[in-house]
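Written below as structure tokens is the structure these notes are about.
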Amino acid sequence: MTAPGHDEDADHDARRAELADALAAVRERVADAARAAGRDPAEVGLLAVTKTWPASDVALLTDLGLAAFGENKEQEGAAKAAELAALRPDAPVRWHVVGRLQRNKARSLVRWAHAVDSVDSPRLVDALESAAAKAVDAGERVDPLEVLVQISVDGDPDRGGAPVAEVPGLADRVAGSAHLHLGGVMAVAPQGIAPAEAFATVWELAQRVRAAHPRATTLSAGMSGDLEDAVAYGSTCVRVGTALLGRR
């Protein structure tokens, strides 16, 4: 229940202004990092990680020109995608799953997600291929599901990602699937390794994948705290949550 005298319009305007300022600051950081690396800032996309934040914030970000949003959990993402479709039915958005994904969520995920950026095992590739094929047959989707192979730079199984040695084979498996499109690779710089060192490894591996699959041009790397290092090592998409939406 809204308190007497509470001005929801004022709250809406204040949040929009807050997001606009944060978005401008993030875009400036990305542009500065790109220019410092001798790159065109237009080469680096922005994925807003909206996990735990309401669909109303996503709606405001679409008003500010953003179109790509990342969610960690299938259930939260599905609900948010449906709510945003009601709030902004004409907004041309793309939903990405950026968190670790259980295979049994694949069937529901393919109904709303445009991309899965955290694929790290052959069994997950097969589950997504099967789910996407069924979704196409049922008329629930038309386009292939875009997939990024997540790289584990340090090989720690608890954080997700495929070990470096397994990435090329996993990319081949995705590329050979009829209802999946290999977009490229994704990585998170692990703790205990300097971001620049981690992203150098990711860049080399991304080049190997791209040599085998020329359409796999996405290198998704860099977050709020290390996006400058990622852009210096060829990132084409930074995933930003805290610097854009704030802290919970």
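Within the range 61-77, work out how many residues are under 15 Å from the mean Cα position of the chain (by Cα) and among the aliphatic types (A, V, I, L, M). Qualifying residue count for the region: 3. Entry remark, the range 127-145: residues being closer than 21 Å to Leu219 by Cα and open to solvent by less than 40 Å² (accessible area, probe 1.4 Å) number 2 in total. Evaluate the range 184-200: report whether one residue or more is under 27 Å from Val110 (Cα atoms), open to solvent by 10 Å² or more (accessible area, probe 1.4 Å), modelled with pLDDT of 95 or more and not β-branched (Val, Ile, Thr). Within the range 184-200, not a single residue is under 27 Å from Val110 (Cα atoms), open to solvent by 10 Å² or more (accessible area, probe 1.4 Å), modelled with pLDDT of 95 or more and not β-branched (Val, Ile, Thr). Residue pairs whose Cβ atoms lie under 6 Å apart, sitting 6 or more positions apart in sequence or on different chains, and linking a residue in the range 111-122 that is farther than 20 Å from Gly222 by Cβ and open to solvent by 10 Å² or more (accessible area, probe 1.4 Å) to a partner that is modelled with pLDDT of 95 or more and outside any strand (DSSP E or B), are Trp112/Ala78; Trp112/Ala81; Pro122/Arg173. Looking only at the range 72-110, residues that are part of a helix (DSSP H, G or I), in contact with a helix residue (DSSP H, G or I) (Cβ under 7 Å, 6 or more places away or on another chain), of a type outside the set (A, V, I, L, M) and open to solvent by 50 Å² or more (accessible area, probe 1.4 Å) come to 4 in all. Of the residues making up the range 230-248, those that are open to solvent by 10 Å² or more (accessible area, probe 1.4 Å) and among the β-branched types (Val, Ile, Thr) are Thr236, Thr242.
A quick yes/no check of all residues on (1) among the polar types (S, T, N, Q); (2) closer than 27 Å to Val147 by Cβ; (3) open to solvent by 70 Å² or more (accessible area, probe 1.4 Å):
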{"position": "Asp7", "(1), (2), (3)": "no, no, yes"}
{"position": "Val26", "(1), (2), (3)": "no, yes, no"}
{"position": "Ala42", "(1), (2), (3)": "no, yes, yes"}
{"position": "Val58", "(1), (2), (3)": "no, yes, no"}
{"position": "Gly70", "(1), (2), (3)": "no, yes, no"}
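For the range 16-64, a residue qualifies if it is free of Cβ contacts under 8 Å to residues at least 24 places away in the same chain, farther than 20 Å from Arg248 by Cβ and either among the small types (Gly, Ala, Ser) or not in a helix (DSSP H, G or I) (or both), and the qualifying residues are Ala24, Ala31, Gly38, Asp40, Ala42. Looking across the range 111-137, the residues that are touching a Leu at 6+ places or on another chain (Cβ under 9 Å) and either assigned to a loop (DSSP other than H, G, I, E, B) or of a type in the set (Val, Ile, Thr) (or both) come down to Ala113, His114, Val116, Val119, Asp120, Ser121, Val125.
The values are calculated or read from the model by the stated rules, or taken from the named source; none is laboratory data. Owing to the predicted nature of the structure, the values given are computational and were not obtained by experimental measurement. Cβ sites come from the backbone with ideal geometry, for glycine too, and all protein chains shown count toward neighbours. What goes into the accessible areas is simple: the full protein's heavy atoms, side chains included, and nothing from ligands, DNA or RNA. Shrake-Rupley method; radii C 1.70, N 1.55, O 1.52, S 1.80 Å.
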